[in-house]
Amino acid sequence: MGPTQGPEPHQEPGRDDDPQGREPGHGFGSDATELRRLHPVTPFLKGWKFVAVLVAIVGQQSFRGTTLRVLVAELAGVLVFGLVLGACSWWFTKYRIEGEDLRVDSGILFRRSRRVRIDRLQAVDIVRPVVARLLGVAELRLEVAGGAQTEAPLAYLSEHHAQRLRAELLARAAGLAADTPEAPERQLVAVPPSTLLASTIISAPFLVAALGFVVVAVTTSFVQQIAGVALLVPWALGGVGVVWRQFVSEYGFSVSESPDGLRIRKGLLDTWAQTVPPGRVQAVEIEQQLLWRPKGWVKLTVNVAGYAGRNTEGPTSSTLLPVAPWPVARALLQRVLPDVDVDRVPRVSAPRRARWLRPIGWRFLRYGSDEKVFVSEVGWLTRRIAVVPHAKMQSVRITQGPLQRALRLATVHVDTPVGPVDAVALHRSSDEARHIAEAQAELARHARKLAGPERWMRPPDSP
């Protein structure tokens, strides 16, 4: 997928060639834009689930005793009702930019007006399901700090209009002129399909599914029971499903750098274009599975406020890089966390008595810290290194279970917005745990004083 293009400088506001419904008002680039409707095909794309449920209910009731003519009439009535309801929902759904807010009005009987603060945006995604791609439309998803779900998703817009609106939102959030065209980009890394497929085949989920299939097949051959054959199908489908989901969702994965952030593109059927603004990554995890080590492959996962505490539809939004050699991943990591060299952060191992709680993996429990970041390391078969900038820490806490109290051990948690990255210094001595917590709290306070502006591209002395 090539880079998206912003609006041409000579285009006039309101002269867009997309079929969006609109009302008179100001165009792009002003403090308040005109009220706009979603793309006219939205009722068909969003209403099919509602129609399918009603058709299933009506069909179940009708087959109990009715003529074919009545059944066809009932199904036609349900279809018309669903389309009318979808069309009404589309007609009453409008959006516009008002100063620092994106306003979305919706509702037929009960009107609802939502306002999303543009300066709180954490990421702006363009999602193109396979059917939407065929129709030339896309969904715009806005992720804000502290959001438990996508804020006011705009589904669906024409692809051209979705790209223009994303460019305007990113420009406004960056403190730039609203009519600033989308910034150019430079590709940093692209994951080859062969590497993605190979890493998926030797990943832990696929190997577990494959091992289960072999165990069931061998057991069935010995006991000669037909019931065992029925178990082979789910195991086989599970293994194939792991490869299929990973390969299809992460196919064509690329990361590019631009002034408005890191641009991530991926997807074979449903495509996903994500923009993560600079400085909005809260934590990073470096994962290396056992069979990846000979190749030196690692995976990068991030916590981004706004994706916290929920499972987004489609490909996961927390994957910064699904697989790459460590030198490539380290170069990308330094783009996300400038002036941070994870390899140079000194680590301290857990005390020897931690082996009573982790008989095998206690030697791999480490933590470290420097003037920039806190680092924790855990894992024997799958190594995980969590990296948290001091300025992004939200709290530091100590937990101690009954067995830990008996062994004079405790665990230190460095909290960030909820996400897949968990920074934990496991099984430290009680005195050391208190020292870690006090030191990290002081480092976090100092780092927040020196933190940059909330606006992405404004210098610190800007108003």
Item to check | Subset of the stretch 267-292 (residues that are part of a loop (DSSP other than H, G, I, E, B), open to solvent by less than 20 Å² (accessible area, probe 1.4 Å) and within 18 Å of residue 184 (Cβ to Cβ)) | outcome: 277
Next on the checklist: So for the stretch 136-147 (the condition being in contact with a strand residue (DSSP E or B) (Cβ under 8 Å, 6 or more places away or on another chain), at pLDDT 85 or above, in a helix (DSSP H, G or I) and open to solvent by less than 10 Å² (accessible area, probe 1.4 Å)), does at least one residue qualify?
Outcome noted: no
Checklist outcome for this item: Subset of the stretch 111-123, residues open to solvent by 100 Å² or more (accessible area, probe 1.4 Å), over 30 Å from residue 265 (Cα atoms) and outside any loop (DSSP other than H, G, I, E, B), comes to 112
Checklist entry - Could you say whether any residue in the stretch 311-318 is modelled with pLDDT under 95, open to solvent by 60 Å² or more (accessible area, probe 1.4 Å), closer than 30 Å to residue 449 by Cα and of a type outside the set (Asp, Glu)? => result no
Item to check | Within the stretch 48-91, considering residues that are over 23 Å from residue 131 (Cβ atoms) and surrounded by 15 or more Cβ atoms within 10 Å (Cβ to Cβ), the one modelled with the lowest pLDDT | outcome: 62
Checklist entry - Which members of the stretch 377-434 meet the condition of being basic (Lys, Arg) and in contact with a Leu (Cβ under 8 Å, 6 or more places away or on another chain)? => result 428
Next on the checklist: Can you list residue pairs whose Cβ atoms sit under 6 Å apart, with the first residue in the stretch 432-446 being touching a residue at least 24 places away in the same chain (Cβ under 8 Å) and the second being crowded, with 20+ Cβ neighbours inside 10 Å and assigned to a helix (DSSP H, G or I)? Count only pairs 6 or more apart in sequence or on different chains.
Outcome noted: 443/390; 444/390
Checklist entry - Right, residue 258: modelled with pLDDT of 75 or more, small (Gly, Ala, Ser) and either under 16 Å from the mean Cα position of the chain (by Cα) or surrounded by 18 or more Cβ atoms within 10 Å (Cβ to Cβ) (or both) or not? => result no
Checklist entry - When you look at residue 400, is it among the polar types (S, T, N, Q), open to solvent by 10 Å² or more (accessible area, probe 1.4 Å), within 22 Å of residue 279 (Cα to Cα) and without any contact (Cβ under 8 Å) to a residue 40 or more places away in the chain, yes or no? => result no
Checklist entry - Within the stretch 156-197, restricting attention to residues that are open to solvent by 40 Å² or more (accessible area, probe 1.4 Å) and of a type in the set (A, V, I, L, M), which residue is modelled with the highest pLDDT? => result 190
Checklist entry - Condition test on residue 131, is it open to solvent by 40 Å² or more (accessible area, probe 1.4 Å), in contact with a helix residue (DSSP H, G or I) (Cβ under 9 Å, 6 or more places away or on another chain) and closer than 24 Å to residue 270 by Cβ? => result yes
Checklist outcome for this item: Restricting attention to the stretch 362-377, the residues that are out of contact with any Asp or Glu (no Cβ under 9 Å at 6 or more places or on another chain) and crowded, with 17+ Cβ neighbours inside 10 Å number exactly 6
Checklist entry - Residue check: is residue 210 without any contact (Cβ under 8 Å) to a residue 60 or more places away in the chain and closer than 17 Å to residue 275 by Cα? => result no
Checklist outcome for this item: (1) part of a strand (DSSP E or B); (2) open to solvent by less than 50 Å² (accessible area, probe 1.4 Å); (3) more than 16 Å from residue 319 (Cβ to Cβ) all hold for residue 264 apart from (3)
Checklist entry - In this structure, does residue 214 turn out to be open to solvent by 50 Å² or more (accessible area, probe 1.4 Å), in a helix (DSSP H, G or I) and either over 27 Å from residue 303 (Cβ atoms) or not hydrophobic (A, V, I, L, M, F, W, C) (or both)? => result yes
Item to check | Yes/no for residue 153 being within 30 Å of residue 416 (Cα to Cα), open to solvent by 30 Å² or more (accessible area, probe 1.4 Å) and either in a strand (DSSP E or B) or out of contact with any Gly (no Cβ under 9 Å at 6 or more places or on another chain) (or both) | outcome: yes
Checklist entry - Within the bounds of the stretch 94-110, is there any residue that is surrounded by 13 or more Cβ atoms within 10 Å (Cβ to Cβ), assigned to a helix (DSSP H, G or I) and at pLDDT 75 or above? => result no
Next on the checklist: With the requirement that a residue be without any contact (Cβ under 8 Å) to a residue 60 or more places away in the chain and either on the phi > 0 side of the Ramachandran plot or in a loop (DSSP other than H, G, I, E, B) (or both), what does the stretch 244-261 give you?
Outcome noted: 251
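The values are calculated or read from the model by the stated rules, or taken from the named source; none is laboratory data. Everything quoted here is computed from the prediction, not taken from an experiment. Note that we place each Cβ from the backbone using ideal geometry, even for glycine, and neighbour counts take in every protein chain shown. When the accessible area is computed, the model is the full protein with side chains, heavy atoms only, and any ligands, DNA or RNA have been set aside. Shrake-Rupley method; radii C 1.70, N 1.55, O 1.52, S 1.80 Å.
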